[in-house]
1. Quick one: in segment 125-155, which of the residues that are in a strand (DSSP E or B) and of a type in the set (K, R) is farthest from T167 (Cα to Cα)?
2. Within segment 25-39, track down each residue that is out of contact with any His (no Cβ under 6 Å at 6 or more places or on another chain) and among the hydrophobic types (A, V, I, L, M, F, W, C).
3. For segment 5-63, give me each residue that is among the charged types (D, E, K, R), touching a residue at least 40 places away in the same chain (Cβ under 8 Å), farther than 19 Å from P265 by Cβ and open to solvent by 50 Å² or more (accessible area, probe 1.4 Å).
4. Residue check, D198 against (1) crowded, with 21+ Cβ neighbours inside 10 Å; (2) in contact (Cβ under 8 Å) with a residue 24 or more places away in the chain; (3) over 19 Å from P134 (Cβ atoms), all met but one. Which one?
5. Pick out the one residue from G212, G175, G234, G226 that is at pLDDT 95 or above and farther than 24 Å from D53 by Cβ.
6. Of the residues S185, S172, S178, which single one is open to solvent by less than 20 Å² (accessible area, probe 1.4 Å) and touching a helix residue (DSSP H, G or I) at 6+ places or on another chain (Cβ under 6 Å)?
7. Do we find a residue being open to solvent by 20 Å² or more (accessible area, probe 1.4 Å), closer than 30 Å to F143 by Cβ and without any contact (Cβ under 8 Å) to a residue 40 or more places away in the chain anywhere in segment 244-253?
8. Looking at the structure I just gave you, is T104 free of Cβ contacts under 8 Å to residues at least 12 places away in the same chain and touching an Asp or Glu at 6+ places or on another chain (Cβ under 9 Å)?
Amino acid sequence: MRVTLLGTGDTTGTPTVGCDCDTCERARERGVSRSRFSVHVANERTGESLLVDFSPDFRQQFLAADVPLPDAGLVTHIHFDHLDGLGNVYRLVDGLPVHAPNETDPATDQSVAETIRDKYDYLEDRIGVHARDPFEPFETCGFEVRFVPVDHPPLLCYGVVIEDPETGATLSLTGDTSYDVPERSREALADPDLLLADAIVPASLCEHHPIGGRHEGPDGVPRTFGTKHMTREGALALADDLDADRTRLVHLAHFYPADEAFEEPLAVDGEVYEL
């Protein structure tokens, strides 16, 4: 399993357009980027590849990383920075299976799968949307895959577990989530070779959020920023709880102080891992 981090940023990315903050300037100086979230997972045994989330930066990500177009895709939730790149597959692929959860979201009265079908009806001859039950494993690109519910109000959102049944290599992605990941989902995400964990900002920035932080640890440090995303400290605590062999923090905002923004284990675009 070859994992390429195509996009490791939040909804605005780093550098952020029009921003001259120290962190964005440092990113420009270092020649690094955190574009909107997406992960490419290649099965070197079968020669197939799987894309987790369709970033609006799809075109530039694939050109920069020089990875093959996907044979299948996964969508974790319907926020634009995870879905709106799907339109890029027009004239690039033919018959792409797109797997998405089938659980009806009270906020939209649709499942993720139904939203994709409606929003991208013009791609119906290019993609096939496959609705999947949370926790139920399915096979794609030679991998066993499961969607697992996480906590990203007000929408339903899902993490992902991807396992190679031949080698046992396992990749877990938290998806966009607060620290309040349900216990059953924690069990499904546990013991990965690589964990990609949402960590939008350091906990110290919770004082700037209108409602502060939540899910404080024993030390009183918030593990959730507001209600939707984990802090860096929350993501690392979750990684500990899941007993991850290796952890990379993703979905990172440009609000990290410049002297912390590129320290381990914060990821940048283009990182590659062999599992």
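The values are calculated or read from the model by the stated rules, or taken from the named source; none is laboratory data. Keep in mind that what you see is a predicted model, and the values were worked out from it rather than measured. Every residue, glycine as well, gets a Cβ built from its backbone with ideal geometry; the counts of neighbours run over all protein chains shown. Surface areas here come from the heavy atoms of the whole protein model, side chains and all, with no ligands, DNA or RNA. Shrake-Rupley method; radii C 1.70, N 1.55, O 1.52, S 1.80 Å.
1. R132
2. A27, V32, V39
3. Correct list: D22, E25, E44, R45, E48.
4. Every condition holds for D198 apart from (3).
5. G212
6. Sole residue among the options that is open to solvent by less than 20 Å² (accessible area, probe 1.4 Å) and touching a helix residue (DSSP H, G or I) at 6+ places or on another chain (Cβ under 6 Å): S172.
7. Within segment 244-253 (the criterion being open to solvent by 20 Å² or more (accessible area, probe 1.4 Å), closer than 30 Å to F143 by Cβ and without any contact (Cβ under 8 Å) to a residue 40 or more places away in the chain), the answer is no, since none of the residues qualifies.
8. So T104 fits the description; yes.
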